[in-house]
Every structure is written in structure tokens, then in C-alpha cells.
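Dumping the structure here so I can ask a few things about it.
Read-outs throughout are calculated quantities, based only on the coordinates presented, and are distinct from any laboratory measurement. Nothing here was measured: the structure is a model prediction, and the numbers come from that model. Methodologically, a virtual Cβ is constructed for each residue, glycine included, from the backbone with ideal geometry; neighbour enumeration extends over all protein chains shown.
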Amino acid sequence: MTVLPPTRLNAYQQPVGPALPDWQPRARPAGQTLQGRSCRLERLDAARHAAQLHAAFATAPDGRDWTYMMSGPFPDAASYRHQAEQMQATQDPLHHAVIDLASGQAVGTMALMRIEPAHGVIEVGHIALSPLLKRSRMATEAHYLLMRHVFEDLGYRRYEWKCDSLNAPSRAAAQRLGFRFEGIFRQAVVYRGRSRDTAWFSIIDSEWPALRQAFEQWLDDGNFDAQGQQRQSLSALTRATLTNEHAVSSAA
């Protein structure tokens, strides 16, 4: 529930933000394993994951999944292995492999990045989902596990999602997952020889408890029929959460 605090004035009668007298910088994420029911997130290890990830990405019919990424597509296992070694070597971004518990194979990656412990701000990015992971219950659970880790284990205040403003699937995914759209940063990035306007989204800590409930309701076995089809969409659940919060904030 998001309730706007009353305006505070300093000694000069200037408005200032809410006080955080007990705030302490948060710990940096360490890449610990995050266990779910259908998937597991673990620190990317090129030796263990690169071949599996390349094979998973190679099931796509073409290279369109890489259009809005900073790298790729990768024509062979060796080129992806080189990329994975570079990804493994960084602490920010901190890359994770998504492991399908049914097959034991790595089927996608996502990273925590632009990590600011002093402010409690962190971004999820470098999201690469193979066809084995896209539009699946497992993909949603992977996002849930990472969000829960950021807000509950690490105690961060703000969780960001950014993408090319022209990347309609990424923007839709952010909103389905409960991120709020904040605006467009014009000409923010140059990549692949072109200019990018960047769309910004976020979730803040006060919104997380209601969103966690929405995720858990959607992920519950009872939300799926015998054919594995959802009974209630996550979009509907997160939209209801945000609508309720807006109503409470307006009333306050």
C-alpha cells in the first residue's frame, strides 16, 4: 500500500523528503542460489552453463530476440562461451543462470545491475530468455525469486527495469510483473550503431508486499487447470494491486 507522507518542512520552510533516521547502506548481492518450485537461479558459471545456454538460445528460429540486447546473437557455442566468461567475470552486472528443475538445464539469464547499496537501488537487466523459458510459469517464478531476494533478503528500497522505448514486449512484461512506468529518457543510450530512448519502470519497497501476494496467488497450483492454463492472469492481479494502491493514496 502506497500512502504519500505529509510534506515536511526544514528550518527554512523548504519542503524536504521523508526522514530515514535508521537507514543504513545495504549489502551488495553475492549471487547466492535462489530456489523455487520450477526453477533455480544461480550465479552464472561459463564452464557449467554456457553450452546449455547456447543450445537453449539456438532453439529460436531467428535472431530477433537479440535486437534490443547489447550483445548477440551468437553463431556458435564458442562465441557464446566467450560472452559467458565475460559475464561471469563481472560483479555489476551480477549475472544469474535460470535453471529448469525438470531438465536440470540452464535456459536463460538475468542480472542484477547498477547496484547502489548507499541508496538501496538496484536494476534487473540483461534478461535473455530462451524459447524454453519464454511465456512460462517458470519465467515468472524466476522474476519473483529475484524480486523477493532484493526486497526481503537484501532490504533494497527500489527495483528498476529499463528498456528500449521501442521494445514493446519488454515494456509489456514490465507492466505485467507490476512495475510502474515512470517515463522516457530521450537519447539515453547509443548501441548497435543507433540511438535509444529508454523507458523507465520501478517497484518500490512499500509496493512489494501486495505484489508478492499477487505473484504467489498466480504461481499457486490452484491457478492452473489440468492443461496448465492459467485461470487468472498475473496482469490482472498486479493491475488490481496498483489500482488499489492508487485509490488508497488518493483517499489519503
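Return the sequence-ordered ³J(HN,Hα) values of the range 198-211 in whole Hz as given by the Karplus equation 6.51 cos²θ - 1.76 cosθ + 1.60 applied to θ = phi - 60°, using x for Gly and Pro.
For the range 198-211, the Karplus curve yields 10, 8, 10, 9, 7, 10, 10, 4, 5, 8, 4, x, 5, 5 Hz.
Once fully extended, how much extra length lies between Ala118 and Gln213, figured as 0.36 nm per residue of separation less the alpha-carbon to alpha-carbon distance? Kindly include the intermediate steps, with their values, before the conclusion.
Values: separation 95, 0.36 × 95 = 34.20 nm, distance 2.79 nm.
Using 0.36 nm per residue and subtracting the Cα-Cα distance, I get 31.4 nm.
Can you give the Rg to Rh ratio of the chain, both from alpha-carbon atoms, with Rh computed by the Kirkwood formula?
With Rh from the inverse mean 1/r over Cα pairs, Rg/Rh is 0.98.
Turning to a different aspect of this structure: Which whole-Hz ³J(HN,Hα) couplings does the range 152-168 yield from phi under the Karplus relation 6.51 cos²θ - 1.76 cosθ + 1.60, θ = phi - 60°, glycine and proline marked x?
Result, rounded to whole Hz: 9, 7, 9, x, 6, 9, 8, 10, 10, 9, 10, 7, 4, 4, 8, 7, 4.
With an 8 Å Cα cut-off and a minimum separation of 6 or more residues, compute the relative contact order for the chain in percent.
Working: 408 pairs, mean separation 46.1, N = 252.
Across the chain, relative contact order equals 18 percent.
Separate question: Hull surface divided by four, with the convex hull built on the Cα atoms of the range 56-136: how many nm²?
Numbers: hull surface 25.0 nm².
Taking the Cα atoms of the range 56-136, their convex hull projects to 6.2 nm² on average.
Given the range 1-107 reduced to its alpha-carbon atoms as identical point scatterers, what log10 I(q)/I(0) does the Debye formula return at q = 0.17, 0.21, 0.22 Å⁻¹?
Summing over Cα pairs of the range 1-107 leads to -0.86, -1.18, -1.26.
Rg (Å, one decimal) plus Dmax (Å, integer) for the alpha carbons of the range 115-210?
Spelled out, the Cα radius of gyration and Dmax of the range 115-210 are 13.9, 41 Å.
Between Arg37 and Arg8, what is the label-to-label distance in nm when each label sits 7 Å out along the Cα-to-Cβ direction?
Distance between the two pseudo-spin positions: 4.1 nm.
If you don't mind, another one. For an R0 of 35 angstrom, estimate the FRET efficiency from the Cβ-Cβ distance between Gln227 and Ala172 and round to the nearest 0.05.
Working: r = 24 Å, r/R0 = 0.68.
Step by step, r from the Cβ atoms, then E = 0.90.
Please give me, ordered by residue number, the GluC sites (Glu not before Pro) of the range 116-196 that lie in loop per DSSP and have at most 10 other Cβ atoms within 10 Å.
Working: sites: Glu123, Glu141, Glu152, Glu160, Glu182; in loops: none.
Counting only loop positions with at most 10 other Cβ atoms within 10 Å, none of the GluC sites (Glu not before Pro) in the range 116-196 qualifies.
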